[in-house]
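Asker: One structure coming up, written as structure tokens, with questions to follow.
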Amino acid sequence: MDITDTQRTILALIAQRIEAEGVPPSQTEIARAMGFSSVRAAQYHLEALEQAGAIQRMPGRARGIRLVAPVEDMAETVAVEAVDPAGAVSDDALRLPVLGQVAAGRPIGADIGSDQVVLLDRVFFSPTPDYLLKVKGDSMRDEGIFNGDLIGVHRTHDARSGQIVVARIDDEITVKLLKIGKDRIRLLPRNPDYAPIEVEPDQDFAIEGLYCGLVRPNR
């Protein structure tokens, strides 16, 4: 199927929900799970999946989505990973997409798009995350954040000094401790082997979200 990684993630979500609950997610639930700002974005991707022959939509039905291939066949094209650190996931488990990777070191480009949807118990996070990012590097090791961890990110553009944030500098994404001074913003590592990042006035800087917990997949 000629579909994007985001659409594969949505297809995985649909397959998992049908397998677990017997019904597909609504467009609103898909938009919420994927972190879309509007239901229209979910509609766009569902239209693309239908055109690719992956699903069939039934007009006039709130959950009118049918997989063209049986659910068990989805595993051949879509990976749905369930990470369960405590040995059990509750019925109201979070279904979080892994949207890419984030640097715990020097900033790296955001590899947005994944075919993974991870099921996690919400007790591992505060506040509730909107998505997961995979950590690359060890600059946050003294905060217990290691290479390969999946960190939960609560989507927001607001943060206080002293919070761990996912930040964008120009086109690069990094996770660091935010320090806001009178005349400058610094992103601090939690590993003495790395230097702080000074945000220059001419750089395109934004807070993309707050770190709100992590899980460590079996490696």
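Asker: Just for segment 130-145: of the residues that are closer than 24 Å to residue 119 by Cα and either under 12 Å from the mean Cα position of the chain (by Cα) or surrounded by fewer than 17 Cβ atoms within 10 Å (Cβ to Cβ) (or both), which one is modelled with the lowest pLDDT?
Answerer: Within segment 130-145, the match that is modelled with the lowest pLDDT is 144.
Asker: For segment 177-192, does any single residue satisfy the condition of being under 30 Å from residue 119 (Cα atoms), under 16 Å from the mean Cα position of the chain (by Cα) and not in a loop (DSSP other than H, G, I, E, B)?
Answerer: no
Asker: Given the criterion on the phi > 0 side of the Ramachandran plot and surrounded by fewer than 13 Cβ atoms within 10 Å (Cβ to Cβ), identify the matching residue among 181, 162.
Answerer: Values: 181 fails: on the phi > 0 side of the Ramachandran plot.
Only one candidate qualifies: 162.
Asker: Out of 207, 145, 173, report the one residue that is outside any strand (DSSP E or B), of a type outside the set (S, T, N, Q) and not assigned by TED's automatic domain parsing to the domain that holds residue 34. Let's see the steps before the verdict.
Answerer: Details: 207 fails: outside any strand (DSSP E or B); 173 fails: outside any strand (DSSP E or B).
The match here is 145.
Asker: Right, something else. So which residues in segment 165-178 are surrounded by 15 or more Cβ atoms within 10 Å (Cβ to Cβ) and closer than 14 Å to residue 103 by Cα, if there are any at all?
Answerer: Just the residues of segment 165-178 that are surrounded by 15 or more Cβ atoms within 10 Å (Cβ to Cβ), to begin with: 165-169, 172-178.
Across segment 165-178, the qualifying residues are 165, 166, 167, 168, 169, 172, 173, 174, 175, 176, 177.
Asker: Same structure again: Would you mind stating whether residue 152 is out of contact with any His (no Cβ under 6 Å at 6 or more places or on another chain) and under 27 Å from residue 217 (Cα atoms)? Working first, answer last.
Answerer: Details: out of contact with any His (no Cβ under 6 Å at 6 or more places or on another chain): yes; under 27 Å from residue 217 (Cα atoms): yes.
Taking the combined requirement at face value, the residue satisfies it.
Asker: Moving on to the next point. Please indicate, with yes or no, whether at least one residue in segment 51-63 is modelled with pLDDT of 70 or more, part of a helix (DSSP H, G or I) and not assigned by TED's automatic domain parsing to the domain that holds residue 100.
Answerer: So far as segment 51-63 goes, yes, one or more of its residues are modelled with pLDDT of 70 or more, part of a helix (DSSP H, G or I) and not assigned by TED's automatic domain parsing to the domain that holds residue 100.
Asker: Could you list all residues from segment 148-170 that are outside any strand (DSSP E or B) and touching a residue at least 24 places away in the same chain (Cβ under 8 Å)?
Answerer: Here is the first cut: in segment 148-170, the ones outside any strand (DSSP E or B) are 148-149, 156-163, 170.
Passing the criteria: 148, 149, 156, 157, 158, 159, 163, 170.
Asker: Determine if segment 147-154 includes at least one residue that is within 21 Å of residue 204 (Cβ to Cβ) and surrounded by 14 or more Cβ atoms within 10 Å (Cβ to Cβ). Walk me through how you get there before you give the answer.
Answerer: If we filter segment 147-154 for residues that are within 21 Å of residue 204 (Cβ to Cβ), which is where we start, we get 153.
Then keep just the ones that are surrounded by 14 or more Cβ atoms within 10 Å (Cβ to Cβ); that gives 153.
Scanning segment 147-154, I find at least one residue that is within 21 Å of residue 204 (Cβ to Cβ) and surrounded by 14 or more Cβ atoms within 10 Å (Cβ to Cβ), so the answer is yes.
The values are calculated or read from the model by the stated rules, or taken from the named source; none is laboratory data. In this text the structure is predicted, and so the values were computed from the model without any measurement. Neighbour counts run over all protein chains shown; Cβ positions are idealised from the backbone, glycine included.
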